[in-house]
1. Which percent of the accessible area of region 24-79 is formed by carbon and sulfur heavy atoms (probe 1.4 angstrom)?
2. Using a 1.4 angstrom probe, figure out how much accessible area the chain has per residue, in square angstrom, rounded to the nearest whole.
3. What accessible area, in Å² to the nearest ten, does a 1.4 Å probe give for Met165?
4. Among Gly132, Val153, Gln41, flag the residue with its Cα farthest along the positive direction of the charge dipole of the chain, charges on Cβ as +1 for Lys/Arg and -1 for Asp/Glu.
5. Counting each DSSP H run of 4 or more residues in the chain as -39500 (n - 2.57), what helix-only mean residue ellipticity at 222 nm follows after dividing by all residues, to the nearest 500 deg cm²/dmol?
6. Considering the options Ala244, Phe72, Leu85, tell which one lies farthest towards the positive end of the dipole of the chain, charges being +1 on Lys and Arg and -1 on Asp and Glu at the Cβ, about the Cα centre.
7. Starting from the Cα-Cα distance between Leu240 and Asp127, subtract it from 0.36 nm times their residue separation and give me the gain in nm to one decimal.
8. What net charge do the residues around Asp116 carry, taking every other residue with its C-beta under 14 Å from that of Asp116, with Lys and Arg at +1 and Asp and Glu at -1?
Amino acid sequence: MSQRQSPQRSGRAAKGRQEPEGKRVTLPRALSKLGYCSRTQAEALIAAGRVSVDGRKVSDPATWVDLEHSKFAVDGTEIAAEKKLYFMLNKPRGLVTTRDDPEGRPTVYDCLKEIDARHLAPVGRLDKASEGLLLFTNDTVLAQALLDPVSHVGKTYHVQVDQIMNHEQLARMERGIIDDGELLTASSARLLRSGDRNSWIEVELKEGRNRQIRRMLEALGIECLRLVRVAFGDIALGDLPKGAVRALSEAEILELNRRAGMKINR
């Protein structure tokens, strides 16, 4: 039997697997929600004896705390909820969506040098060859809700392909295509415009499989020439220049919360 103990609450073992009520969360999750660090980083700090709650050092990462009323400190310095920040980047092609790349490739954080991006994380990813709208925030709760398939927040892409796609090909993307044992489905796919040899299509996804659109097109024998995310829910990329970043408006933040099914206390 595993020796790992269930999270403790007020010195007593929690019964079953039911989540605590109210604002009670595990200590690593509390530090993450406050925007101080990731849960993994928090677990290391706690294990090292560097974290205190209400003036008492805590060394067990499984400890439950009151996020709303407890006072937290790291190395004796009190920490509080960080101001929630929300940004939009028009990601250029060729950047990887990570903070540090072991291969030394340029990353999306190279575009965020003019802002304090220490605790900002991307909401989802765009692969190296893809472009367009990428959201960043330190609001981990909203980010997780936006990416949860249950919330059904769609992402809209404009895609240039190497041929003129016909109605049946687009319909197949909506019906679903099996690739490598996965059923990949677009919630909508339509022709935007076409030239002599290629065309642009608009695709909306409500699921986030790896390289999903590219894999669907490859299964149809179609090459993806460009892929640009133009909207996340109702938040549009608009005319933001490539490589530029801007803060989301209050209305956009409220809309993201609404689409994610979050309670809005503003």
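1. Numbers: 1340 of 2910 Å².
Carbon and sulfur: 46 percent of the exposed surface of region 24-79.
2. On the way: 15220 Å² over 266 residues.
Value returned for the chain: 57 Å² of accessible area per residue.
3. 10 Å²
4. Of the candidates, Gln41 comes out farthest on the positive side.
5. Details: 6 runs with 51 residues, N = 266.
Roughly -5500 deg cm²/dmol at 222 nm, from the helical runs in the chain.
6. Of Ala244, Phe72, Leu85, it is Phe72.
7. Values: separation 113, 0.36 × 113 = 40.68 nm, distance 1.95 nm.
Full extension of this stretch gives 38.7 nm more.
8. Numbers: positive: Lys83, Lys84, Arg99, Lys113, Arg118; negative: Glu82, Glu114.
Local net charge: +3.
The values are calculated or read from the model by the stated rules, or taken from the named source; none is laboratory data. This one's a predicted model, so the numbers in the text were calculated from it and none came from an experiment. Every residue, glycine as well, gets a Cβ built from its backbone with ideal geometry; the counts of neighbours run over all protein chains shown. Ligands, DNA and RNA are stripped out before the accessible areas are found, and what is left, the full protein with its side chains, is counted by its heavy atoms. Shrake-Rupley method; radii C 1.70, N 1.55, O 1.52, S 1.80 Å.
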